[in-house]
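Student: Here you go, one structure.
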Amino acid sequence: MSVRYAKLEDLKATAKINVDGWKAAYKGIITDDYLSLLNYETVLKRIEDRFGNGLFFVYENKAEEILGYCWCGERKDVADEGFGEYDCELYAIYVRPDCISQGIGKELFRFAIKELKATGNSKMILWCLEDNAPSIEFYIKMGGKLLGTKEHTISGKLYNESGFGYELG
């Protein structure tokens with residue numbers, strides 16, 4: 001089992017993890033209408049469009065099956081969010097729902113920190129829907145400091161996001 005940089009042929013598996021992860025994590029938080037519209041093809045296209053923009057990693061088991069992924073890089077929306085001292089961002093981290101609580105997220109997170117630090121970054125920020133209690137708990141366990149909140153619109157509905165900051169050391 002290992003974390004490595006993603007290849008184009010990994011993206012189909014990451015799209016499936018993304019969709020399945022959203023449907024599991026956000027049930028009861030995000031509208032059922034929105035979640036029911038999520039599909040692998042649309043998410044795959046979005047991931048393909050973003051691939052190569054930032055750092056993209058996958059976690060695979062010994063059978064070379066992708067069980068999770070992480071995407072991070074330069075800060076997005078710096079002017080809108082504040083927290084200007086944070087020079088990089090964790091955009092996404094997803095683990096296959098049937099593999100949660102097996103240490104995969106921790107491995108991906110630690111790998112992202114190591115790689116972001118190696119590329120000259122010193123402080124990372126990430127945003128998480130405020131009602132996603134398991135993810136909030138994970139980010140706090142990983143050493144995150146709550147920085148503040150902001151509003152985020154998904155399919156025309158406003159949600160609160162919590163921002164967490166990390167010193168990369």
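Bear in mind that the values in this text are calculations on the coordinates, not laboratory data. Because the structure is a prediction, the values reported are computed rather than measured. Glycine also receives a Cβ, built like all others from the backbone with ideal geometry; neighbour counts cover every protein chain displayed.
Student: Take GLY169 and decide whether it is farther than 25 Å from ASP32 by Cα, part of a loop (DSSP other than H, G, I, E, B) and out of contact with any strand residue (DSSP E or B) (no Cβ under 8 Å at 6 or more places or on another chain).
Tutor: For GLY169, the condition - farther than 25 Å from ASP32 by Cα, part of a loop (DSSP other than H, G, I, E, B) and out of contact with any strand residue (DSSP E or B) (no Cβ under 8 Å at 6 or more places or on another chain) - is met.
Student: Can you find a residue in the stretch 20-35 that is in contact with a helix residue (DSSP H, G or I) (Cβ under 8 Å, 6 or more places away or on another chain) and more than 28 Å from THR149 (Cα to Cα)?
Tutor: no
Student: Next question. Give the residues of the stretch 119-169 that are without any contact (Cβ under 8 Å) to a residue 24 or more places away in the chain and among the acidic types (Asp, Glu), sorted by residue number.
Tutor: Listed by number, the residues that qualify are GLU137, GLU151.
Student: Quick one: would you say PRO97 is more than 23 Å from ARG50 (Cβ to Cβ), touching a residue at least 60 places away in the same chain (Cβ under 8 Å), surrounded by fewer than 17 Cβ atoms within 10 Å (Cβ to Cβ) and in contact with a helix residue (DSSP H, G or I) (Cβ under 9 Å, 6 or more places away or on another chain)?
Tutor: no
Yes/no matrix, rows are residues, columns are (1) touching a helix residue (DSSP H, G or I) at 6+ places or on another chain (Cβ under 7 Å); (2) under 19 Å from HIS152 (Cβ atoms); (3) loosely packed, with under 15 Cβ neighbours inside 10 Å; (4) β-branched (Val, Ile, Thr):
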{"position": "GLU9", "(1), (2), (3), (4)": "no, no, yes, no"}
{"position": "ILE17", "(1), (2), (3), (4)": "no, no, no, yes"}
{"position": "ARG46", "(1), (2), (3), (4)": "no, yes, yes, no"}
{"position": "ILE66", "(1), (2), (3), (4)": "yes, no, no, yes"}
{"position": "CYS70", "(1), (2), (3), (4)": "yes, no, no, no"}
{"position": "ARG75", "(1), (2), (3), (4)": "no, yes, no, no"}
{"position": "GLU85", "(1), (2), (3), (4)": "no, no, yes, no"}
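Student: Still on this structure, I have one more. List pairs: first residue in the stretch 53-66 and free of Cβ contacts under 8 Å to residues at least 40 places away in the same chain, second residue among the aromatic types (Phe, Trp, Tyr) and surrounded by 12 or more Cβ atoms within 10 Å (Cβ to Cβ) anywhere in the structure, Cβ distance under 7 angstrom, at least six positions apart or on different chains.
Tutor: Close Cβ pairs (under 7 Å, with a partner that is among the aromatic types (Phe, Trp, Tyr) and surrounded by 12 or more Cβ atoms within 10 Å (Cβ to Cβ)) amount to GLY54/TRP71; GLY54/TYR91.
Student: Taking the stretch 3-27 as the search range and keeping residues that are part of a strand (DSSP E or B) and of a type in the set (D, E, K, R), which one is nearest to the chain's Cα centre (by Cα)?
Tutor: ARG4
Student: Further question: Right, ALA118: farther than 20 Å from ASN18 by Cα, out of contact with any helix residue (DSSP H, G or I) (no Cβ under 7 Å at 6 or more places or on another chain), of a type in the set (A, V, I, L, M) and surrounded by fewer than 16 Cβ atoms within 10 Å (Cβ to Cβ) or not?
Tutor: Against the criterion (farther than 20 Å from ASN18 by Cα, out of contact with any helix residue (DSSP H, G or I) (no Cβ under 7 Å at 6 or more places or on another chain), of a type in the set (A, V, I, L, M) and surrounded by fewer than 16 Cβ atoms within 10 Å (Cβ to Cβ)), ALA118 qualifies.
Student: Could you list all residues from the stretch 141-158 that are closer than 18 Å to ALA25 by Cβ and surrounded by 13 or more Cβ atoms within 10 Å (Cβ to Cβ)?
Tutor: Matches in the stretch 141-158: MET142, GLY144, HIS152, ILE154.
Student: Please list, ordered by residue number, the strands (runs of 3 or more DSSP E) wholly in the stretch 55-163 having 2 or more residues that are under 13 Å from the mean Cα position of the chain (by Cα) and among the small types (Gly, Ala, Ser).
Tutor: 66-74
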